[in-house]
Amino acid sequence: MAPKKDEEIKKLIETYGNLLYRTAYVFLGNPHDVQDVLQEVLIKYMEKAPVFHEKEHEKAWLLKVTANLCKDYLRFSRRHAHINLEDLESLPVTSGQREIIREIISLPAKWKTVLLLHYIEGYSIKETAKITGLTESNVKKRLQRGRDALKKQLTECEGLYEQYQ
């Protein structure tokens with residue numbers, strides 16, 4: 001397999017660029033993520049250097065690779081959800097709350113959701129249960145376990161834990 005030449009890549013982008021962009025956008029809904037995925041598609045195209053006997057086969061291959069990479073991207077994003085800590089600085093909260101939120105963010109999702117809803121947003125246990133779709137007893141247990149985990153993390157930052165109990 002010979003590597004693809006610049007002219008082939010340019011022609012590919014001219015021919016299928018809009019189609020691949022629309023396809024990836026339907027999956028991802030974010031232009032920045034779409035650009036990342038389309039770069040990966042082009043890299044795969046250049047690395048694999050597939051030989052196509054028909055234009056339809058080339059189009060189908062590109063669509064399949066785009067769809068698979070979008071699914072991989074979504075799967076990775078779900079497993080590795082992140083919060084930009086720089087955005088945390090712009091939140092309208094006190095500095096003590098900001099530190100608590102920073103610690104809550106590092107907890108597992110099942111605990112941080114109920115902790116944020118109950119303690120930071122001020123929802124009752126009943127309201128938190130309704131929002132999350134959990135039972136009230138499940139919310140109470142997650143709050144307890146989340147508090148315990150948070151307490152362990154905050155032992156280094158002593159005064160903060162007592163302030164929010």
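Structure data summary
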| read-out | value |
| --- | --- |
| Sites residue 127 and residue 35, calculated FRET efficiency, Cβ-Cβ separation with R0 41 Å, nearest 0.05 | 0.55 |
| Around residue 142: net Lys/Arg minus Asp/Glu count, Cβ-Cβ under 13 Å | +4 |
| Label-to-label distance, nm, for residues given as residue 148 and residue 11 (7 Å Cα→Cβ offset) | 6.6 nm |
| Eligible lysines near residue 112 by straight Cα distance, threshold 20 Å, same-chain separation 8 or greater | 126, 130, 140, 141, 151, 152 |
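Computed from the coordinates by the stated procedures, all read-outs in this text should not be read as laboratory data. Treat the numbers as computed from the prediction; the structure is a model and nothing was measured. Ideal geometry is used to build each Cβ from the backbone, glycine not excepted, and the neighbour counts take in all protein chains shown.
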